[in-house]
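Trainee: Dropping the structure in here first, questions after.
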Amino acid sequence: MGPVDDSTDSTGTTDTTVIRAAGCLLWRRSPSGDGIELALVYRPKWADWSHPKGKLKHNEGAREGALREVLEETGMTCELGPELPTVRYRVDGRPKEVRYWAAEAAAGGTFVPNREVSRLLWLSPAAARDRLTQKRDEELVDALLATRRPGAPGAPGEPGEPEEPGEPGITPCP
């Protein structure tokens, strides 16, 4: 990680402790059979659309934390694939580091709105890029697509932008 500035928190003290977090770019094959869809969550506290992620618990590994956060935020289990780029940014003057994995959603699972996440949408990669609030999250979509083997549904250069009635590229969750 690069140099940390001397930001102070609300108590006037310097805290350079890295906030550790993990998450996934959760994907599934499109119900139409044409490409893939990505899961995005809406977090009302932050009024943003994001990939499922969250802070690690004490002594929790990043892989375990990523799986836990996906389950808590989406109701889905998944199989972790390749690790994606780590994202680094500051929150209230503290450095935050989020490790991400590509993860295929397992069959089953039901989203239930909760205090952290009020909505879940399955979107085509293009629609996901447009919906994401943070630019750093958009860049992860490209990293995910780059990990897909040539010829796989949704791989770069493959058709993968399913159109649904209503908003293009969006499949609402039941």
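Trainee: When residues of region 59-97 are filtered for being open to solvent by less than 60 Å² (accessible area, probe 1.4 Å), within 21 Å of Ile19 (Cβ to Cβ) and in contact with a helix residue (DSSP H, G or I) (Cβ under 7 Å, 6 or more places away or on another chain), how many remain?
Mentor: Of the residues in region 59-97, 3 are open to solvent by less than 60 Å² (accessible area, probe 1.4 Å), within 21 Å of Ile19 (Cβ to Cβ) and in contact with a helix residue (DSSP H, G or I) (Cβ under 7 Å, 6 or more places away or on another chain).
Trainee: Working carefully through the options Leu56, Leu25, find the one that is touching a Phe, Trp or Tyr at 6+ places or on another chain (Cβ under 9 Å) and modelled with pLDDT of 95 or more.
Mentor: Unique residue meeting the criteria: Leu25.
Trainee: Could you check Tyr100 against (1) open to solvent by 10 Å² or more (accessible area, probe 1.4 Å); (2) under 27 Å from Ser30 (Cβ atoms) and say which number it fails?
Mentor: (1)
Trainee: Quickly run through region 27-53 and pick out the residues that are open to solvent by less than 30 Å² (accessible area, probe 1.4 Å) and on the phi > 0 side of the Ramachandran plot.
Mentor: Once the filter is applied, which keeps residues that are open to solvent by less than 30 Å² (accessible area, probe 1.4 Å) and on the phi > 0 side of the Ramachandran plot, region 27-53 yields only Gly35.
Trainee: Still on this structure, please answer the following. Looking at the structure I just gave you, is Arg90 of a type outside the set (S, T, N, Q) and either touching a Pro at 6+ places or on another chain (Cβ under 8 Å) or more than 16 Å from Gln134 (Cβ to Cβ) (or both)?
Mentor: no
The values are calculated or read from the model by the stated rules, or taken from the named source; none is laboratory data. Owing to the predicted nature of the structure, the values given are computational and were not obtained by experimental measurement. Here Cβ is always computed from backbone atoms with ideal geometry, including for glycine, and neighbour counts include all displayed protein chains. Just the protein is used for accessible areas: all its heavy atoms, side chains included, with ligands, DNA and RNA removed. Shrake-Rupley method; radii C 1.70, N 1.55, O 1.52, S 1.80 Å.
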